Amino acid sequence: MSYLIKPVGYKPVINLQQTELGITKIKDFFQANLSAELRLRRVTAPLFVLRGTGLNDDLNGVERAVNFPIKDMGDACAEVVHSLAKWKRVTLADYNIEEGYGIYTDMNAIRADEELGNIHSLYVDQWDWERVMSEDERNIDFLKSIVRRIYAAFLCTEYLISESFPEIKPCLPAEITFIHSEELLQMYPDLSPKEREHEITKKHKAVFIIGIGSTLSNGSKHDGRAPDYDDWTTAGEKGLPGLNGDIMLWNPVLNIPFEVSSMGIRVNKEALLKQLEITGKQDRLELYFHKRLVEGSLPLSIGGGIGQSRLCMFFLRKAHIGEIQASIWSEEMREECKKLDIHLI
């Protein structure tokens with residue numbers, strides 16, 4: 001229960017039937033806009049992959065993947081995906097997607113180690129996307145241009161919802177603010193990373209924090225990132241490391257920074273070798289995904305994930321992700337949410 005934020009005086013802006021309608025509107029409209037903005041085509045994605053291929057996302061490296069034996073394959077172990085960060089890049093190659101185009105898919109995952117609360121559930125649903133890029137585009141300006149296109153889709157979706165439900169007033173700024181995690185550290189040297197996110201997002205309402213995973217000048221990281229998909233060591237703007245980042249929106253219901261997307265330019269061979277060495281994960285070079293990347297059979301790409309339930313939660317002004325998706329919650333949390341007029345599905 002320590003992770004349940006209790007917004008004072010919370011009342012759902014729209015009822016349960018309107019909420020379901022709103023979820024449908026957001027999901028249909030946003031994915032169409034995202035596809036058009038980034039030139040993406042929809043593909044079918046796996047719910048699970050074989051262990052030992054290197055295709056599953058390792059997140060911060062400590063989360064356990066839900067797994068099960070496959071009887072008809074000699075009890076070979078399958079893992080429910082954490083995300084599709086590496087699978088998408090293989091798919092770009094296998095589908096021969098041209099430069100400047102990409103793919104997106106509905107990613108569904110189970111993350112058993114999540115700390116459950118208003119914004120974290122056992123069930124994760126997001127739009128995973130990946131786009132082929134050129135060597136000349138491996139820079140911070142290109143990353144920012146893609147972020148701006150995604151943010152444009154956010155603004156269009158917010159307008160749609162405000163037109164459909166007049167009770168919901170737009171709150172996003174016209175433009176998103178960019179800041180590097182090192183600059184954020186210099187601005188707020190006495191605050192923790194989460195506290196820095198709080199201050200900068202509260203100020204600007206929509207922020208892209210660059211350089212997630214790289215070591216900062218104080219010897220720590222803003223946040224962890226796996227070493228084999230995002231490039232967090234290549235120098236970008238002002239010589240600071242990192243060609244990746246997180247999109248943060250200010251949540252007006254919970255009064256917290258709200259991460260809705262993690263994304264970035266993906267590692268090339270040089271960045272992969274460097275980041276595996278930094279993290280002591282060189283043994284991964286024996287895995288299927290890593291071998292293909294080193295041998296040069298995977299395209300350069302940029303990609304990320306955008307939380308579906310989180311976007312719906314934000315645009316529909318909900319206090320709990322359980323108002324958007326069906327999941328498992330403790331009886332204690334269900335009882336407490338009921339008292340707060342938070343209707344968990």
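Each value in this text was obtained by applying a stated rule to the coordinates, not by laboratory testing. Note that the structure is predicted; figures quoted are calculated from it, not measured. For neighbour counting, all protein chains shown are included, and Cβ atoms are generated from backbone atoms with ideal geometry for every residue, glycine included.
Where the only charges are on Cβ atoms (+1 Lys, Arg; -1 Asp, Glu), what is the dipole of the chain about its Cα centre, to the nearest 20 debye?
The calculation lands at about 460 debye.
Report the gain in length on full extension from Tyr123 to Gln17: 0.36 nm times residue separation, minus Cα-Cα distance, nm rounded to one decimal.
Length difference between fully extended and current span is 36.0 nm.
Among Thr234, Tyr95, Thr215, whose Cα lies farthest out toward the positive end of the dipole of the chain, if unit charges sit on the beta carbon of Lys, Arg (+1) and Asp, Glu (-1)?
The Cα lying farthest towards the positive end belongs to Tyr95.
Exceeding 18 Å between C-alpha atoms, which entries from my cross-link table qualify? They are Lys169/Lys205; Lys194/Lys221; Lys11/Lys339; Lys25/Lys169; Lys203/Lys238.
Lys203/Lys238
Can you tell me how the range 208-251 classifies by the Cα gyration tensor, rounded, prolate or oblate, using a/c under 1.5 as the rounded cut?
rounded
Describe numerically, in nm with one decimal, the distance between label points set 7 Å from Cα along Cα→Cβ at Tyr288 and at Lys338.
With each label placed 7 Å out from Cα toward Cβ, I get 4.7 nm.
Using the alpha carbons of the range 51-174, what is the convex hull volume per residue in cubic angstrom, as a whole number?
184
Calculated FRET efficiency, Lys6 and Asp28, Cβ-Cβ r, R0 30 Å, to nearest 0.05?
0.40
Got the relative contact order for the chain handy, in percent, Cα pairs under 8 Å and 6 or more residues apart?
21
Of the candidates Ala85, Ala206, Ala112, which one comes out as most mobile in a Gaussian network treatment of the chain with C-alpha springs shorter than 10 Å?
Maximum fluctuation in the GNM of the chain, among the listed residues, is at Ala112.
Along the charge dipole of the range 67-138, Cβ charges K/R +1 and D/E -1, which of Ala76, Asn108, Trp129 sits furthest on the positive end?
Value computed over the given set: Ala76.
Of Leu184, Leu47, Leu300, Leu21, how do they rank once you tally other Cβ atoms within 10 Å and put the fewest first?
Listed from fewest to most nearby Cβ atoms, that is Leu47, Leu21, Leu300, Leu184.
I'd like to know which of Gly296, Gly280, Cys312 lies farthest towards the positive end of the charge dipole of the range 204-320, counting +1 on Cβ of Lys and Arg and -1 on Cβ of Asp and Glu.
Towards the positive end, the residue furthest out is Cys312.
Just subtract the alpha-carbon distance of Lys269 and Thr44 from 0.36 nm times their residue separation and send over the number in nm, one decimal.
Using 0.36 nm per residue and subtracting the Cα-Cα distance, I get 78.3 nm.
With each pseudo-label sitting 7 Å past Cα toward Cβ, what's the Ser134-Met187 distance in nm, one decimal?
Roughly 3.3 nm, to one decimal.
Using only the Cα atoms of the range 1-124, what do you get for the radius of gyration and for Dmax, in Å?
18.4, 56
Report Rg (one decimal) and Dmax (nearest whole number) for the chain, counting Cα atoms only, units Å.
Just the Cα atoms of the chain yield Rg and Dmax of 19.9, 58 Å.
In a Gaussian network model over the chain where Cα atoms closer than 10 Å are linked, find which of Ile212, Ile200, Ile302 has the largest mean-square fluctuation.
Ile200
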